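The values are calculated or read from the model by the stated rules, or taken from the named source; none is laboratory data. Computed from a predicted model, the values in this text were never measured in an experiment. Quick reminder, even Gly has a Cβ in these numbers, built from the backbone with ideal geometry, and neighbours come from all protein chains shown. Ligands, DNA and RNA are excluded from the accessible area calculation, which covers all protein heavy atoms including side chains. Shrake-Rupley method; radii C 1.70, N 1.55, O 1.52, S 1.80 Å.
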Amino acid sequence: MSTIEKIKEDVLIEELTGVNNEIVLYNDDVNTFDHVIETLIRVCNHSSEQAEQCAILVHYKGKCTVKTGPFDELKPQCTQLLQAGLSAEII
């Protein structure tokens with residue numbers, strides 16, 4: 001096996017074993033589309049299109065992953081979503 005192949009293999013294994021969590025946003029009957037979209041833009045740094053797509057998915061599918069990353073980075077964002085009245089959790 002060449003050195004280049006070995007390095008690529010090591011990177012792929014590292015990516016697969018990396019611990020990434022997700023913030024999952026859940027549907028509710030309280031918040032408006034505009035509130036959800038504005039909150040995702042502010043808290044998760046979504047583009048307006050991305051936030052709108054997430055809001056639509058949450059509405060029709062019941063939930064949507066809105067952010068992935070290390071737990072320590074997601075915790076404050078999830079807290080802000082909850083403080084804004086949205087239903088979310090880190091999984």
task = Could you grab the pairs with beta carbons closer than 8 Å, sequence gap of 6+ or different chains, first residue in the range 42-53 and of a type in the set (A, V, I, L, M), second one open to solvent by 10 Å² or more (accessible area, probe 1.4 Å) and part of a helix (DSSP H, G or I)?
result = Val43/Gln77; Val43/Gln80; Ala51/Val36; Ala51/Ile37; Ala51/Glu38; Ala51/Ile41
ask   = Are there any pairs, at least 6 apart or on different chains, whose C-beta atoms fall under 9 Å, with the first in the range 59-84 and within 13 Å of Glu22 (Cα to Cα) and open to solvent by 90 Å² or more (accessible area, probe 1.4 Å) and the second modelled with pLDDT of 95 or more and not in a strand (DSSP E or B), and if so, which?
value = Lys63/Asn27; Lys63/Leu57
